[in-house]
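A.B. asks: Mind having a look at this structure? Questions to follow.
The values are calculated or read from the model by the stated rules, or taken from the named source; none is laboratory data. Since the structure is predicted, the reported quantities are computational estimates derived from the model, not experimental observations. Note that each Cβ is placed from the backbone with ideal geometry, even for glycine, and that neighbours are counted across all protein chains shown.
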Amino acid sequence: MTEDTQTRKARKARKVREGLVVSNKMDKTVVVKAVDRVQHRRYAKTIQRTKRLMVHDEENTLNVGDRVRVQETRPLSKSKRWRLVEILERAK
């Protein structure tokens with residue numbers, strides 16, 4: 001397997017999340033709330049876990065309430081490890 005093939009496979013393995021923009025007050029950065037549904041180990045009840053992801057928005061186009069798809073990337077700053085892939089739905 002060549003190094004280029006390994007690089008492509010590693011890139012495909014990056015996590016992709018969907019979420020809602022909750023803050024856009026920073027420059028080129030938005031905060032996205034991603035909800036994950038997991039099953040409780042003991043009680044087998046489905047519960048929601050929420051993560052606040054710092055997402056890189058190069059063009060500063062996102063507004064609060066937009067639904068977006070984000071992808072894991074290399075560290076861009078101390079807390080930013082996600083980048084914008086696409087805007088699924090604009091805020092009304």
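A.B. asks: Quick check on my filter: what residues within the range 1-58 are touching a residue at least 24 places away in the same chain (Cβ under 8 Å) and among the polar types (S, T, N, Q)?
C.D. replies: SER23, ASN24, THR29
Rundown of residues vs (1) in contact with a Leu (Cβ under 6 Å, 6 or more places away or on another chain); (2) at pLDDT 95 or above, yes/no style:
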| position | (1), (2) |
| --- | --- |
| THR7 | no, no |
| VAL21 | yes, yes |
| ASN24 | yes, yes |
| VAL31 | no, yes |
| ARG37 | no, yes |
| HIS40 | no, yes |
| THR50 | no, yes |
| SER77 | no, yes |
| ARG83 | no, yes |
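A.B. asks: A further question follows. Does the range 44-63 hold any residues that are loosely packed, with under 12 Cβ neighbours inside 10 Å and in a loop (DSSP other than H, G, I, E, B), and which are they?
C.D. replies: Hits for the range 44-63 are ALA44, LYS45, GLU58, GLU59.
A.B. asks: Identify all residues within the range 64-84 that are surrounded by 15 or more Cβ atoms within 10 Å (Cβ to Cβ) and of a type in the set (A, V, I, L, M, F, W, C); write none if there are none.
C.D. replies: Across the range 64-84, the qualifying residues are VAL68, VAL70, LEU76, TRP82, LEU84.
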